[in-house]
Each structure stands twice: as C-alpha cells, then as structure tokens.
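What follows is a short report on a single structure.
The values are calculated or read from the model by the stated rules, or taken from the named source; none is laboratory data. Here the structure is a predicted model, which is why all the values come from computation and not from measurement. Don't worry about glycine lacking a Cβ; one is built from the backbone with ideal geometry, like all the others, and counts go over all protein chains shown. Just so you know, the surface numbers come from the protein's heavy atoms only, side chains and all, with ligands and any DNA or RNA stripped out. Shrake-Rupley method; radii C 1.70, N 1.55, O 1.52, S 1.80 Å.
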Amino acid sequence: MASPLLDLPFDLIHPIIEYLTDRTDWKSCCLVSKSFNKVATPLLYRTLDSRIIQSKNHHNSNSNTNDLNTILYHPATTLLSKPSLALHVRHLTETGAVHRAHLPRYATITDDALKALALCTNLHSFTWMDDTMYGPAMGALGPGGRGSNMMKAPGAFLTKFVGIVRGNATEGVSNNNGLPLRSLTIRTHSDLGTSVWDSLNTLSGLTRVSVWSMDGPPRVLQGGWSIVLGPTLEELELGRCAGVPPTILITVISQLPLLRNLRLKGVASNAILNLLTYLPILDSLDVEYLPSQTRLSARDQARLIMLPSLKTLTVRSNSRIDAFDPLKMYDWVRLLASKEGLEAFKLHAFSLSLPPNSPSFSSSSFPKSHFFLPDASSYNTFSFRDLGQTLIPRGFILDLARSHSASLKRWETAEAGVMMMGDVECLCVSFPRLEVLDCAVGLEDVVKLDILRYTLSAQLNHTQATYPMVSLVCLR
C-alpha cells in the first residue's frame, strides 16, 4: 500500500519539508520520490561547507603519507560532476585548513574549489573560516615544508575568489557575470596580508560584512571600503577594533548611513555614543562596555539627541570592571537606550561563572506552560554576594520602563547581575508585553522561593494573555 505522503499535492510538499533543519532529513527526503527529490534537493544544497577530518586510529605525524588518514569533505567534486546542483547554492563556507594543508590526494582542491565556486551563480553569502597559524606570504605548512606550494596559501584563494565575484577570468576559471554576493564573513586567526585585504576592499554591493581578524593591523573597513559599501551595507560586525583611533572609526561609520545592525568589539564607551549619532536608522546594537578615559566634548554631548531608536541592545561587560563603578555602566546603557522602542535587552558579563552545581532553571523543558520556577528542594545554598555578584539597580529598571514600557519583550540579564524578588515583580509589572525573562534572583531564605513563585505567577497571569518564557537562576 502506497504511503499517504506520496499522494500529497506537489504544492504542499515544499511548505512541509521547509520546516526540516537537519541535512540528513533532507537527504532522506530526496530518496522518497521524484516529487520529494525536486523539492528537497534545493534545500540540501542551499548551504554548503568544507572541513578536514583526521583519523584517530592510524595517525602518524611523521609520515609523508599522513594524508591517507585524512578525509576531506568538500562540495567541489559533486558540483563539478553535476553543475546543475550549483544553481541551488546560496551560502558557502570555505575552511582555510583545506587550502593550507599539503595533501597529495587532494592536490587540486584549491583549483577545483574555485571552479565549483564559479558555477554558484546564485551565491548570496560567503564565509571564510581559519583558526590556523600562518603568515600572509606563507604557503602550505604540511609535510612538504613551509612555502612548498604557494597556490595553497589561503590568501591566494581569497584573491582569486574576489576575481570570480567580480566576473574576472583567472587561470581557467571564468564567470563573466560575476556572483550576486550580498554577505561576506571573514574569521581568521592570522593576518591575511595587505594585498588580500586590498583585494577584498574592492567588493561592492554587500549588505552584510563580518570581519574577525585576530592578528595583524585591525581591519575596520578603512582604506575606502566603507565608501564602496556605503550605498548598500546594512549589517556590520567588527571583531577587533582595539587600538583604532576614534577618528578613524567615525570616518568609517559616518559613510555607512544605511546600517541597521552593528556589532563592535574593543571600542571605548564614549566613542560608541559618538558613533551612533551617525547611524539614524540603526535597529540592533551589540557592544562591549569599556570605560572611557576621556569625557565627551560639549559638541559630542550636543549630538546625543541624534542617537538612534534601538530595538535590540546587547551589552557585554566585564564584571571585574563593573564592580569598580557599576553605576557608570548603567548610566551609559540609559544613554544608549534613551529613545523609545527597545524590544530586547541583554546584559552579559564575561567573567561571571556560577559554581558547577548551581542549578539553572529554564522553561525550555516545559513547553506546555512556558513557565517554570524551581521548588524549595532544589534551592541552592550559595551566596550571590560570596560569588561576587552585583545587584542590578531598581532605578535602572524603572528608568528603562519610562521609555520602553510599551515595547520591551525580552529581558536577559542572568549572566550579568542579581535581581531581588521585588525587582522581578517590578520588572513584570513595568513591562506588560514581556515575553522572555532570563535573570538571576537573590533570595534570603527558602520560604521566599515559594513567595516568588506565586507572586510572579500572579503578576504574569495578570499582564499576559499567555505565559512568557521564564528562566531563573536562584541564589541565596
């Protein structure tokens, strides 16, 4: 008897299969029938990546035939044998180790990858990932020796990649129309070299750029790239801005007026305030709190009225710094969120770590009610004061409520500081549209845990048509 799935109308198959997220499931769907194959194949090849897996059973680092124990997973072979599949590729991730390693069995992998890349004429997003150590002019670092194959240098691949995106022919690889690239992500441990960055700086039409280069001079779109990207760029991540003069950052950011999503790492707090005044339509901001050594000038203070109205704000702080003068950080956050409309707020402290047996209670295990509080039997005995925790000021909550009471839906501060029971109650009353609550609660005794349970439940039931997602870490 035929399966009912085989009788589904073709138009209904795509909406159903689209909900799957695992590649194994899509692969299985391709084998069900011709109709399922036609729908699942584009989903299976939409996002591709490459990686090297080293066999642990017969590893011999001193052998020149060590590549026999190495398995390379790369989509180039499949795409070159069936070019029609390349039309489905939208997102591609290349791993630097693939092009850096000296593997005789895969001697042509770089050339094959470039040829396959040229076939992906619908490519929208490209990611370069490399956490290996190499120099900008260094070739392969395998058994063949340092610099034994310059064609395998990661920088060489990226330079040719830029040529393909722009439609330039390079050594047998041609694509006259170029690629419709919209998103570029570079995450590398070592510096790629000036020539590679100069080549990347010629790419235009991008709507999203993410640069995390941990070695060499900081890369912050200087050198004219911000001018090239100004008419299109909407999302920007700069993972290493430490040491860059604020004047350079202002010059770069001021040329990107269409930015809606910005993440910066290593920028002083006052400089961030100044930068935001040049981004009138910014919606989402993810930044560190790094205390500034200088005050804002009178001119910069006057420009603060031009701060954008943020919808999502994420602040990453160091609790050791905040403990010195935590009120400065909260005053700074008040300025960042001074305009109405904030929908999500997250405060994250890197140096905060709870004890291994400190329980975290999440609603994810309770999908029916979407609400959970621990019972008294699971209440732990650690003191949040002994853990170095700092209290989130009640005044800070009330100040945010004055501007964002009607809009805030997410409050996530469990990793940043402790809220007292009254603060949680105040939070639920002040933000009636709250959908996600993630916080650490300090309680003086076990009895108050039950009080918190009933009080919070009553408040949420009064202000919400449905329960929000609640995750609490309770500390004595």
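Determine, yes or no, whether residue 47 is in contact (Cβ under 8 Å) with a residue 12 or more places away in the chain, surrounded by 12 or more Cβ atoms within 10 Å (Cβ to Cβ) and in contact with a strand residue (DSSP E or B) (Cβ under 8 Å, 6 or more places away or on another chain). Give the steps one after another, and end with the answer.
On the way: in contact (Cβ under 8 Å) with a residue 12 or more places away in the chain: yes; surrounded by 12 or more Cβ atoms within 10 Å (Cβ to Cβ): yes; in contact with a strand residue (DSSP E or B) (Cβ under 8 Å, 6 or more places away or on another chain): yes.
Considered against the rule, which asks whether it is in contact (Cβ under 8 Å) with a residue 12 or more places away in the chain, surrounded by 12 or more Cβ atoms within 10 Å (Cβ to Cβ) and in contact with a strand residue (DSSP E or B) (Cβ under 8 Å, 6 or more places away or on another chain), residue 47 comes out as yes.
One residue stands out among those in the stretch 397-428 that are at pLDDT below 85 and touching a Gly at 6+ places or on another chain (Cβ under 6 Å): the one that is most open to solvent (accessible area, probe 1.4 Å), which is 420. For the stretch 293-305, the condition holds for at least one residue, the condition being that it is within 24 Å of residue 407 (Cβ to Cβ) and assigned to a helix (DSSP H, G or I). In summary, residue 129 fulfils each of the numbered conditions (1) open to solvent by 70 Å² or more (accessible area, probe 1.4 Å); (2) without any contact (Cβ under 8 Å) to a residue 40 or more places away in the chain with the single exception of condition (2).
One line per residue, one yes/no per condition, for (1) modelled with pLDDT of 85 or more; (2) surrounded by 12 or more Cβ atoms within 10 Å (Cβ to Cβ); (3) not in a strand (DSSP E or B):
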| site | (1), (2), (3) |
| --- | --- |
| 25 | yes, yes, yes |
| 32 | yes, yes, yes |
| 43 | yes, yes, yes |
| 57 | no, no, yes |
| 60 | no, no, yes |
| 63 | no, yes, yes |
| 79 | yes, yes, yes |
| 85 | yes, yes, yes |
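Determine whether residue 169 is modelled with pLDDT under 85 and either crowded, with 21+ Cβ neighbours inside 10 Å or farther than 24 Å from residue 107 by Cβ (or both). Spelling it out, it is not the case that residue 169 is modelled with pLDDT under 85 and either crowded, with 21+ Cβ neighbours inside 10 Å or farther than 24 Å from residue 107 by Cβ (or both). Run down 338, 309, 369 and say which single residue is part of a loop (DSSP other than H, G, I, E, B), modelled with pLDDT under 95 and surrounded by 14 or more Cβ atoms within 10 Å (Cβ to Cβ). The conditions single out 338. Filtered by the rule that a residue be open to solvent by 20 Å² or more (accessible area, probe 1.4 Å) and under 12 Å from residue 179 (Cβ atoms), the stretch 92-124 gives 119, 121, 122, 124.
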